[in-house]
1. For Arg233 and Asp178 in the same chain, what is the full-extension length gain: residue separation times 0.36 nm, less their Cα-Cα distance, in nm?
2. Could you name the lysines whose alpha carbon sits less than 22 Å from that of Lys197, not counting residues in the same chain fewer than 8 places away?
3. Taking K and R as +1 and D and E as -1, what net charge do the other residues with C-beta under 15 Å from the C-beta of Glu164 add up to?
4. Mark the label point 7 Å from the Cα of Arg225 along Cα→Cβ and return the residues of the range 95-137 whose backbone N is within less than 19 Å of it.
5. Among Gln112, Ala169, Leu140, pick out the residue whose Cα is farthest towards the positive end of the charge dipole of the range 89-236, where Lys and Arg carry +1 and Asp and Glu carry -1 on C-beta, about the Cα centre.
6. So what's the net charge close to Glu193: Lys and Arg +1, Asp and Glu -1, counting the other residues with Cβ under 14 Å from its Cβ?
7. On average, how much accessible surface per residue is there in the range 54-198, in Å², for a 1.4 Å probe, leaving out ligands, DNA and RNA?
8. Between Val209 and Ala142, what FRET efficiency follows from the Cβ-Cβ distance if R0 is 30 Å, with the result rounded to 0.05?
Amino acid sequence: MNPILRLVIAVSIAIPITIAALLMLVESPMAIVDNVVSKLPVETVSWTGRQPAEPAVVGTWPPLKGERYPELLLNDQNGDAVRLSDFAGKVIFLELAAIPCKGCQAFAGGQQFGGFGGVPVQPDLQSIHHYAKRYAGVDLDADDVVFVQLLLYGSSMSSPTPEEVAGWADHFQMERTDNRIVLRGDPSMLGVETYEKIPGFHLIDEDFVLKFDSSGHHPEDDLYRDLLPALGRMTN
């Protein structure tokens, strides 16, 4: 057989085998924030994003536990610019979310409102409002905590469009108030580390320091045993 033809055949066989092996490695079982929360569709994830003309993040992203939270300069569900540090001095409960994530849909209130964008809701998982009341004794609609949903991935697994952010907020009844905000993630924030943080929650204290990190498939803090009880202590 012609050597060139043999090389072409070998490469055509090796490529799909290599891709399948990589997908199996990425999708191996992992400990996650809740044992019923499903992973994102990794095969379509956007690993890198463009750099915006004006920085959307000032500081280290993803944030590091025990350090000051990075400044986020993002737009909210109404399209208005928001500086996260404007809420320094208050307790900030921040959710890292993605539209294709079934667990994120459930935490946002999918059992009550249904899935957004045609995405099914993770079964047997209630909203984070439910768990905040149960494990922290905190009403996320109250004035003693700033509840922020940071929508990092849209339906195409790139950063969400303004229409998707507005639609998400409307669907899950996250009307913009001083203490209820949905932020649109920037393409520059996307990457492997960000992907692995979803679904997740950050608890930021009044000094704007990340105190508890219960994000992704290897959370530093358990959502129910550590983060939510701490939320209760910090706000009551």
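1. Gain on extension, Arg233 to Asp178, equals 17.6 nm.
2. Excluding near neighbours in sequence, the set is Lys39, Lys65, Lys102, Lys211.
3. -3
4. Only 131-132, 134-137 pass the distance filter.
5. Gln112
6. -1
7. 41
8. Using R0 = 30 Å, I get an efficiency of 0.85.
The values are calculated or read from the model by the stated rules, or taken from the named source; none is laboratory data. On a predicted model such as this, the values are computed, not experimentally measured, just so you know. Glycine gets a Cβ as well: all are built from the backbone with ideal geometry, and neighbour counts include every protein chain shown. Note: areas computed on protein heavy atoms with side chains; ligands, DNA, RNA excluded. Shrake-Rupley method; radii C 1.70, N 1.55, O 1.52, S 1.80 Å.
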